[in-house]
Structure formats: structure tokens, C-alpha cells
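Nothing in this text is a laboratory measurement; each read-out follows from the coordinates by a stated rule. All of these numbers come straight from a predicted model, not from anything done at the bench. Methodologically, a virtual Cβ is constructed for each residue, glycine included, from the backbone with ideal geometry; neighbour enumeration extends over all protein chains shown.
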Amino acid sequence: MYPLSREIRDQIARWPQAAQGHFHSARALALGAAQGAETGPLDETLKWGQPAWRPRRPRTGSTLRLNWSPARPDHLMAFVDCKTDLASLMSTRFPGQFENDGRRSLAFDLNAPLPQDAIAQLAHLTFTYHRRKRGG
């Protein structure tokens, strides 16, 4: 597994313990999904101050971001590109399992177990988005 960069470590160190725990679990699931989907290496960066992953190989997949915010203190948020159908697809595949705006954000309750299947599928679908749209 990729070691966390200092900037991402510093960012999540500001989060409550429950959010940090869900983050580390979700990150492991996302990295595993990328490996299983054979997307090649991921770039792991901060985008808009949020940990983000995207396949390094062009035209393979889209960006997945995770964030905790005091505005939604009981949730770890996942964000996908709003120009994709990813959030809507997750709403269809996992109805009622987490909050989903159907456009770009999914909210995972910090007081509940992390929905591992949903996170793994979200990561897989996100990291293969362009490849799947081309039929690959």
C-alpha cells in the first residue's frame, strides 16, 4: 500500500478519531479496488484540501475524494466528478445505505460500520470510469 504523504497525514490529523478510522479503511478499500481493476498506479494528492485518488494512466478513470468537515461532523464524505453518473449509479446499487445527492456526494455515517462493499464498488467504478465508457 502507498505510504501517506505528509500533507495528507497532516490534513486528516485534524479530523476526529472516527473520521480518521473510516478514512483509513476507505483508503485501503480504494487502493485495493484500483489494484483489482488493474488501473495501474494512482496519484494520491490533496484536491481542494481533500485526499484524492486518480489513476495515473490517462483516460482510465476519474477522481475520488474523501473529506470530513465540521459542517457534517457525523459523516465522512466521498465526492466524485459531477459530470459522471457515478453518484446516481451508487444510489441505484445501494439504496438507503448512505446519504447520496445523486450527483457528486455520498455521506457515510461515522456512527455506523463503513459500507465496505459500497466503498469498494465506488472506487472501482470511479477508477475505471473512462475505460468502461469506452467499452474496455
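Annotations for the structure displayed:
- For the chain, a Gaussian network of Cα nodes joined below 10 Å ranks 75, 124, 24 by mean-square fluctuation, and the top entry is 24.
- DSSP-assigned coil residues among trypsin sites (Lys or Arg not before Pro) in the range 5-77, each with at most 16 further Cβ atoms within 10 Å: 14, 56, 59
- Cα gyration tensor category, rounded, prolate or oblate, for the range 87-136 with a/c compared to 1.5: prolate
- Low-density loop cleavage sites - chymotrypsin sites (Phe, Trp or Tyr not before Pro) in the range 17-92, where at most 14 other Cβ are within 10 Å (DSSP): 48
- Rounded to the nearest 20 debye, dipole of the range 6-133 from Cβ charges on Lys, Arg, Asp, Glu: 540
- Selection from 76, 50, 110, by position along the positive dipole direction of the chain (Cβ): 50
- 13 Å beta-carbon shell around residue 51, net charge (K/R +1, D/E -1): +3
- Cα-based shape type of the chain, given that a ≥ b ≥ c are square roots of the gyration tensor eigenvalues and the cut on a/c is 1.5: oblate
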